[in-house]
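Okay, structure first, notes after.
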Amino acid sequence: MEAQLTPKEWAIRLAQEMKSQASAAEFIRIAAKKAYREWPWVKPFFKLGEQAEARYPGHRPEDLRARNQLDRKLRTEFHALRKLICKAGETIANKAETIGLKTALKLSTLHALILRDSFGQAVKRAIPLIEATKTGGYENEEREAF
């Protein structure tokens with residue numbers, strides 16, 4: 001069945017395998033445990049070559065030329081789709097990082113506003129105590145507080 005997959009179907013499989021892992025590093029770690037010919041980004045090249053050979057099995061120069069031309073076309077198409085998947089992944093990672101940084105900045109600003117408001121409320125509560133100290137009435141207020 002794999003010998004009949006189109007380059008687009010191979011690219012979809014690759015994207016699904018990449019998506020099934022938690023991270024790109026995890027995807028590569030799992031793939032590295034397999035034989036080289038079974039790596040998800042390498043296997044399609046071999047299978048597409050087999051597909052071209054099955055379509056033009058002869059050894060005449062016309063068959064060899066047609067096989068090589070089809071093989072080149074299929075591999076080039078898969079390679080372009082693979083590069084597109086990688087570029088899309090990089091773009092998404094960069095956007096996610098940018099959005100994360102913007103979110104952290106907004107949270108930091110919100111935290112600063114909350115602290116400023118808390119400090120402002122504390123100052124408002126402290127003003128009467130400070131004024132009472134200036135007028136000498138602090139001792140009476142202190143005794144009333146206890």
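Cross-link pairs exceeding 21 Å in C-alpha to C-alpha distance, out of Lys33/Lys83; Lys8/Lys95; Lys8/Lys43, comprise Lys33/Lys83; Lys8/Lys95.
When the trypsin sites (Lys or Arg not before Pro) in region 8-54 are filtered for DSSP coil states and for at most 10 other beta-carbon atoms within 10 Å of their beta-carbon, the remaining sites are Lys33. Relative to the longest principal axis of the Cα atoms of the chain, helix 61-135 runs at roughly 0 degrees. As I understand it, the dipole of region 2-103 uses +1 on the Cβ of Lys and Arg and -1 on the Cβ of Asp and Glu, about the Cα centre. Which of Leu101, Pro57, Thr76 lies farthest toward its positive end? Most positive-ward Cα: Leu101. Quick check: the distance between the Cα centres of region 74-101 and region 106-121, to the nearest angstrom? So the two Cα centres are separated by 39 Å. Each peptide in 82-91, 125-134 was scored by the mean count of other Cβ atoms within 10 Å over its residues; highest first, the order is 82-91, 125-134. Using R0 = 25 Å, the C-beta based FRET efficiency linking Glu9 and Ala66 works out to 0.70.
Taking all Cα pairs closer than 8 Å and separated by 6 or more residues, the relative contact order of the chain comes to 22 percent.
To the nearest 20 debye, what is the magnitude of the charge dipole of the chain about its Cα centre, counting +1 on the Cβ of each Lys and Arg and -1 on the Cβ of each Asp and Glu?
Result for the chain is approximately 980 debye, rounded to the nearest 20.
Here are some values of Cα Rg over 2.2 N^0.38 Å: [x] 1.90; [y] 2.31; [z] 1.09. Which one was computed from this structure? The value matching this structure is [y].
The length gained on full extension between Val123 and Lys87, counted as 0.36 nm times the residue separation minus their Cα-Cα distance, comes to 7.6 nm.
Bear in mind that the values in this text are calculations on the coordinates, not laboratory data. Because the structure is predicted, anything quoted here is derived from the model rather than measured. Heads up, the Cβs are rebuilt from the backbone with ideal geometry, glycines too, and the neighbour counts pull from every protein chain shown.
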